[in-house]
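Q: One structure follows; several queries about it will come next.
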Amino acid sequence: MNKKLLAGTGVAFTLLFSPLSQAFASETIGDLRKVDNVAHRGASAYAPENTIAAFDKAVEMKADYIEIDVQRSKDGELVLIHDTTVDRTTDGTGKVGDFMFEELRSLDAGSWKGEQFAGEQIPTFDEILDRYHGKIGILIEIKASELYPGIEESIAEELKERNLDKPQNEKIIIQSFNHKSMEKMNDLVPKVPIGVLTSSRADTTEQALQEFSTYADYFNPSYGIVTEELVNQVHSLDMKIGSWTVRSQEAADFLLDMGVDAIISDYPDYVDPRN
Ligand code: G3P
Ligand code: CA
């Protein structure tokens with residue numbers, strides 16, 4: 001059975017109070033359908049990904065959400081970085097999980113993008129929650145959770161400490177390519193919207209989508225596998241669909257035509273030309 005029906009006390013109640021009513025909520029304004037504009041790793045075309053500079057830029061560009069990648073240091077601190085090594089986006093080398101937090105913190109996570117960003121640090125998960133919740137939505141991706149046993153519990157704990165696990169959750173969503181991890185996350189924080197990420201067509205069968213809908217609120221595919229039929233299938237299972245990673249105006253326009261609920265882009269200005 002669908003997650004929202006399972007949890008629910010009736011469809012009307014669910015529509016009014018489910019997390020979906022606060023998150024990725026597509027509205028119709030006149031003839032224009034509002035699509036949520038998600039700044040991928042922050043406004044990462046304009047500032048170094050997964051840094052305060054990129055997240056502040058996303059706020060300045062009036063994105064609806066920032067997307068963040070969460071991993072864990074050797075001593076258990078939740079940190080934001082995309083790759084499982086620090087090599088590409090810092091001046092260090094090695095695996096994220098082999099560094100103590102203070103070592104990660106001492107790395108320069110900005111200079112690779114431009115000298116004006118020198119000194120940007122790898123942020124912590126809790127500082128990003130504190131700095132941005134209520135100001136902009138946060139799409140939390142748990143990256144490579146198989147490398148970090150128990151990371152789901154740590155993330156749930158941080159959300160609960162701030163009451164961000166409640167339906168009025170100030171637009172918090174959790175997603176991952178690791179679908180088992182998302183099932184677990186749904187058990188830990190059932191009121192927080194859950195997303196499954198994929199770039200595999202094998203995950204778009206009726207059976208696969210049906211299974212996802214028992215614990216997920218979002219099906220978030222790469223845009224290469226998006227079709228109008230897929231969007232309709234996802235919607236018919238009462239899930240939303242957000243797609244990635246948009247790095248051209250053409251890709252943004254394609255997804256707008258397909259009728260997705262959210263577009264995850266390095267360039268917030270491609271999704272919302274007011275920027
Ligand atoms: O939010 C979707 C997207 O971030 C998934 O891919 O590799 O950029 O984390 P990746
Ligand atoms: Ca990501």
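The values are calculated or read from the model by the stated rules, or taken from the named source; none is laboratory data. Note that the structure is a prediction, hence the values are computed from the model and not measured. Cβ sites come from the backbone with ideal geometry, for glycine too, and all protein chains shown count toward neighbours.
Q: Just to be sure before I move on: is residue 89 in contact with a helix residue (DSSP H, G or I) (Cβ under 9 Å, 6 or more places away or on another chain), part of a loop (DSSP other than H, G, I, E, B) and of a type in the set (S, T, N, Q) in the structure I sent?
A: So residue 89 fits the description; yes.
Q: Moving on to the next point. Which condition number does residue 37 fail, the rest of (1) among the polar types (S, T, N, Q); (2) under 14 Å from the mean Cα position of the chain (by Cα); (3) away from ligand 1 (no atom under 16 Å from the Cβ) being met?
A: (3)
Q: Another one. Run down 62, 57 and say which single residue is at positive phi and of a type in the set (Lys, Arg).
A: 62
Q: Moving on. Return the residues of the range 242-275 that are in a strand (DSSP E or B) and either more than 16 Å from ligand 2 (Cβ to nearest atom) or farther than 19 Å from residue 194 by Cα (or both); say none if nothing qualifies. Show your work before the answer.
A: If we filter the range 242-275 for residues that are in a strand (DSSP E or B), which is where we start, we get 242-246, 262-265.
The answer is 246, 265.
Q: Cβ contacts < 8 Å: first residue among the hydroxyl-bearing types (Ser, Thr, Tyr), restricted to the range 151-162; second residue crowded, with 17+ Cβ neighbours inside 10 Å, any location; separation 6+ or different chain. Result?
A: Note: pairs meeting the criteria are 154/72; 154/78.
Q: Here is a further query. Examine the range 91-103 for a residue that is surrounded by fewer than 24 Cβ atoms within 10 Å (Cβ to Cβ), in contact with a Ser or Thr (Cβ under 6 Å, 6 or more places away or on another chain) and closer than 28 Å to residue 171 by Cα, and state whether such a residue exists.
A: There is at least one residue in the range 91-103 that is surrounded by fewer than 24 Cβ atoms within 10 Å (Cβ to Cβ), in contact with a Ser or Thr (Cβ under 6 Å, 6 or more places away or on another chain) and closer than 28 Å to residue 171 by Cα.
Each row is one residue, and each column tells you yes or no for (1) more than 16 Å from ligand 2 (Cβ to nearest atom); (2) surrounded by fewer than 19 Cβ atoms within 10 Å (Cβ to Cβ); (3) in a loop (DSSP other than H, G, I, E, B); (4) at pLDDT 95 or above.
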| position | (1), (2), (3), (4) |
| --- | --- |
| 25 | yes, yes, yes, no |
| 38 | no, no, no, yes |
| 42 | no, no, yes, yes |
| 54 | no, no, no, yes |
| 57 | yes, no, no, yes |
| 67 | no, no, no, yes |
| 70 | no, no, no, yes |
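Q: Oh, and also: Take residue 211 and decide whether it is assigned to a helix (DSSP H, G or I) and either surrounded by fewer than 17 Cβ atoms within 10 Å (Cβ to Cβ) or in contact (Cβ under 8 Å) with a residue 60 or more places away in the chain (or both).
A: yes
Q: Go through the range 162-189 and give me each residue that's under 24 Å from residue 144 (Cβ atoms) and part of a loop (DSSP other than H, G, I, E, B).
A: Hits for the range 162-189 are 164, 165, 177, 178, 189.
Q: Restricting to the range 214-230, count the residues that are within 16 Å of ligand 1 (Cβ to nearest atom), touching a residue at least 40 places away in the same chain (Cβ under 8 Å) and touching a helix residue (DSSP H, G or I) at 6+ places or on another chain (Cβ under 7 Å).
A: Selection size over the range 214-230: 2.
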